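> The structure under discussion is supplied below as structure tokens; questions concerning it will follow.
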Amino acid sequence: MNLIIKSYRSIINISLRYFVWIKQSIEIRRNITKDEKVYVELKNKIIFILVPHADDEWIGCSQVLRKYGKNVYLCYLNIEKSDVIIDKARRKELITISEKHKNNFVDISGEPIQALYSLIKKLNPDYIFLPYFIDWHQDHLKVIDIFYDVSVLLESEGTQLYNHIFISMCQISVPIPPQVMNYGLSMSLIEWTRKWLMFLKIYKSQRTIPFFRFALQEFINGKKFNSLFSEVFTVLPLKVWQNEKKLHILTSTEISSLLENLQDIRKIRKISEDIKNRRV
């Protein structure tokens, strides 16, 4: 009997949380200002997506994987490396999603800075996708740091490649501040639904994460680019990205604030905007 009561309470609590999230999302979307996005041509371009751990590439860049197929390279850094069994399962999930969309799976093994640097030199990517600066997850922040070190190596050579690359920062669990979103990939209701059903089907190890909160952020952000739902990005030339990276070293207090307020859609957006505004 106690188990049944606990189950009902859990269902009620989750339902109430979802109701609050939906209500907040509708209210926030009303106040989002529509904007023109920058022109980004991804067709026939070489695209790298730096993956801290499996599911980040789908949460932040599913439409890139889906639309640009064989031109997309999923560069798996596997920063977490927590448990052999879990690592194996998550690696399999990433390979499955890459095969389904005809993307290229690349295991960045060994020393990640040199391995990624060598891969960039070999394949000459046009766009490199990675998490946005404002994030609480240490794995995401670590990937940003790794790529910054790679960018310094590219800059030191003074090659055309350094001036050629654009960085596209994606939104994962923390919203990108609206004032710096400059590109969006729109989704219809059907595309949005398929995205999250695919997430549940492929990423079985991540079924317990609050994915509906991520999905509602796409509903809010869709308004900015005049669509129902949108995956959003901040796209910058590599040199500009480097300068911005130096400004966006988060304090422990800022990271704690993000982590403590993840479950409140309104608060987490406000905190993200405030962190950005302190660096303007």
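> Before anything else, pin down the relative contact order of region 30-144: Cα pairs under 8 Å, at least 6 apart, normalised by residue count, whole percent.
So the answer I get is 33 percent.
> Which of 125, 163, 61 sits farthest toward the positive end of the charge dipole of the chain, with +1 on the Cβ of Lys and Arg and -1 on the Cβ of Asp and Glu?
It is 61, whose Cα lies furthest towards the positive end.
> What does the helix-only formula give at 222 nm for the chain: each DSSP H stretch with n ≥ 4 adding -39500 (n - 2.57), the total divided by the residues, and the result rounded to the nearest 500 deg cm²/dmol?
Helix-only estimate at 222 nm: -17500 deg cm²/dmol.
> Same structure again: Looking only at region 54-202, where both bridge partners belong to it, what percent of the DSSP beta bridges are antiparallel (to the nearest 5)?
Among the beta bridges of region 54-202, antiparallel pairing accounts for roughly 0 percent.
> Between rounded, prolate and oblate, where does region 49-152 land on the alpha carbon gyration tensor, with a ≥ b ≥ c its root eigenvalues, rounded for a/c under 1.5, else prolate if a/b exceeds b/c?
Here region 49-152 falls in the rounded category.
> Output the peptides 228-235, 99-106, 52-59, 248-255 sorted from most to least packed, where packing is the average of other Cβ atoms within 10 Å over each peptide's residues.
Ranking, from highest mean packing down: 52-59, 228-235, 99-106, 248-255.
> Using alpha carbon centroids, what distance separates region 145-159 and region 31-99, in Å?
22
> Separate question: Each label point is 7 Å from the Cα along the Cα-to-Cβ direction; what then is the distance between the points at residue 274 and residue 19, in nm?
Output for this residue pair reads 2.8 nm.
> Give me the dipole magnitude in Debye, nearest 20, for region 98-231 about the Cα centre, with unit charges on the beta carbon: positive for Lys and Arg, negative for Asp and Glu.
With only Lys, Arg, Asp and Glu charged at Cβ, the dipole is about 760 debye.
> Among 258, 205, 242, pick out the residue whose Cα is farthest towards the positive end of the charge dipole of the chain, where Lys and Arg carry +1 and Asp and Glu carry -1 on C-beta, about the Cα centre.
Checking the options against the dipole of the chain, the answer is 205.
> Now for a different question. Pull out the extension gain between residue 164 and residue 85, defined as 0.36 nm times the separation in residues minus the alpha carbon to alpha carbon distance; nm, one decimal.
Extra length from residue 164 to residue 85 when fully extended: 24.5 nm.
> In addition: Would you list the membrane-span-like helices of the chain, meaning whole DSSP H runs whose alpha-carbon atoms span at least 30 Å along their axis and whose mean Kyte-Doolittle value is at least 0.0?
Taking the DSSP H segments of the chain (at least 30 Å long, mean hydropathy at least 0.0), we get 2-30.
> Filter the cross-link list 43/70; 224/270; 43/67; 92/204; 45/246 down to pairs whose alpha-carbon distance in this structure exceeds 18 Å.
Where the Cα-Cα span goes over 18 Å, the pairs concerned are 45/246.
> Rounded if a/c is under 1.5, else prolate if a/b is larger than b/c, else oblate: which is the chain, with a ≥ b ≥ c the root eigenvalues of its Cα gyration tensor?
Verdict is prolate for the chain.
> A further question follows. Using a 7 Å offset from the Cα along the Cα-to-Cβ direction at both residue 124 and residue 12, what is the distance between the two label points in nm, to one decimal?
About 6.4 nm, to one decimal.
> Given Cβ point charges of +1 (Lys, Arg) and -1 (Asp, Glu) and nothing else, what value in debye, to the nearest 20, does the dipole of the chain about its Cα centre take?
1060
> Which order do the peptides 87-95, 179-187, 157-165 take when ranked by the mean count of other beta-carbon atoms within 10 Å per residue, highest first?
Listed from highest to lowest mean packing, they are 179-187, 87-95, 157-165.
> Sticking with this structure for a sec: Under the classification rounded if a/c is under 1.5, otherwise prolate if a/b is larger than b/c and oblate if not, where does region 215-262 fall, given a ≥ b ≥ c as square roots of the Cα gyration tensor eigenvalues?
oblate
Since every read-out is calculated from the coordinates, none of them should be taken as a lab result. Computed from a prediction, not measured in an experiment: that's the story for all the values here. Heads up, the Cβs are rebuilt from the backbone with ideal geometry, glycines too, and the neighbour counts pull from every protein chain shown.
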